[in-house]
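Taken together, the values in this text are just the output of simple stated rules run on the coordinates, not laboratory data. All values derive from a computational prediction rather than experimental measurement. When we count neighbours, we look across all protein chains shown, and the Cβ atoms used for this are built from the backbone with ideal geometry, even at glycine.
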Amino acid sequence: MKHKVVIIEDNIPLRDGFAQVINSTETFKVISVYDNCEDAIKNVKKDSADVYLMDIELPGMNGVEGTKRLKDINEQIDVLVVTVHENSETVFDALCAGATGYLTKSLMPEQLIEALNQTISGGAPMSIKIAKMVVSSFKRKPSEIELSTREKEVLTLLSDGNSYDVIADKLFLSKNTIKFHIKNIYGKLQVNSNVKAVQKANRENLI
């Protein structure tokens, strides 16, 4: 029994090309094609497809939102985003929306079929360039902000909800000294409140 594929793409020649490649296999068949997400979403239950090939730029609802909506209806659906975009923001928007994989429209026919096979097997196919971008994004760049050991201690205790008096007692310092450290922390982090200081320190992996 062939796995069912739905194509959501408003570029007719490209859509027809994908369909021809997919239907030439013994494993997959295209059961529906749409030029917008809205129609695809309306017919999710009727189509009962295994994999969706999703363009990003579509009339009306874009592919990222369309992916999210499809996954909300049935989380078992696999969505392969196929687009010309290779910027990291679009990649992560799509992956965060629930896309299983992310491919570029320049892929060869055999790469499309390979991606479909990987998806059905539980994989997450991505183009080499996009995979490198995803990996590099997890390599956190060290923060350029430098806090002293004492400032980190103060900020850590502050993040735990301690008052200035309690922090002073724990560090065997005066309350005025704690205030002095807090003032320096504000300056280095360029913030004006305890909450913002803690939030930024966490984002920068300082505490």
Checklist entry - Check G123: other-chain or 5+ apart residues with amide H under 5 Å from its amide H, H built from backbone geometry? => result none
Checklist entry - Using 7 Å Cα-to-Cβ label points, what is the K29/M1 separation (nm, one decimal)? => result 1.2 nm
Checklist outcome for this item: With the charge dipole of the chain built from beta-carbon charges (+1 for Lys and Arg, -1 for Asp and Glu) about the Cα centre, the Cα from L173, L58, N192 projecting farthest to the positive end belongs to L173
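Any idea what the dipole of the chain comes to, in debye rounded to 20, about its Cα centre with Lys/Arg Cβ at +1 and Asp/Glu Cβ at -1?
The dipole of the chain has a size of about 960 debye.
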Checklist entry - What angle, in degrees between 0 and 90 and rounded to the nearest 10, separates the Cα long axis of helix 12-23 from the longest principal axis of the Cα atoms of the chain? => result 80 degrees
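Averaging sequence separations of C-alpha pairs under 8 Å and six or more residues apart, then dividing by the length of the stretch 149-203, give the relative contact order as a whole percent.
Reported as a whole number, the value is 34 percent.
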Checklist entry - Under a straight-distance cross-link criterion of Cα-Cα below 14 Å, which aspartates and glutamates are reachable from K152, leaving out those fewer than 8 residues away in the same chain? => result D160, E204
Item to check | Between 0 and 90°, nearest 10: helix 194-203 axis offset from the chain longest Cα axis | outcome: 50 degrees
Next on the checklist: Check which residues have an amide H placed less than 5 Å from Y52's amide H, if you skip close sequence neighbours.
Outcome noted: V6, D78, V79, L80
Checklist entry - Using θ = phi - 60° and the Karplus curve 6.51 cos²θ - 1.76 cosθ + 1.60, what whole-Hz ³J(HN,Hα) does each residue of the stretch 56-73 get, with Gly and Pro shown as x? => result 8, 8, 9, x, x, 5, 7, x, 5, 5, x, 4, 4, 5, 4, 5, 5, 6
Checklist outcome for this item: The ratio Rg/Rh over the Cα atoms of the stretch 60-207, Rh being the Kirkwood inverse mean 1/r radius, stands at 1.23
Item to check | Eligible lysines near K71 by straight Cα distance, threshold 17 Å, same-chain separation 8 or greater | outcome: K4, K42, K45, K46
Checklist outcome for this item: Honestly the stretch 3-137 on the Cα gyration tensor test (a ≥ b ≥ c root eigenvalues; a/c under 1.5 rounded, otherwise a/b vs b/c for prolate or oblate) is just rounded
Item to check | Sequence-separation-based contact order of the stretch 3-137, relative, with Cα cut under 8 Å and 6+ spacing, percent | outcome: 20 percent
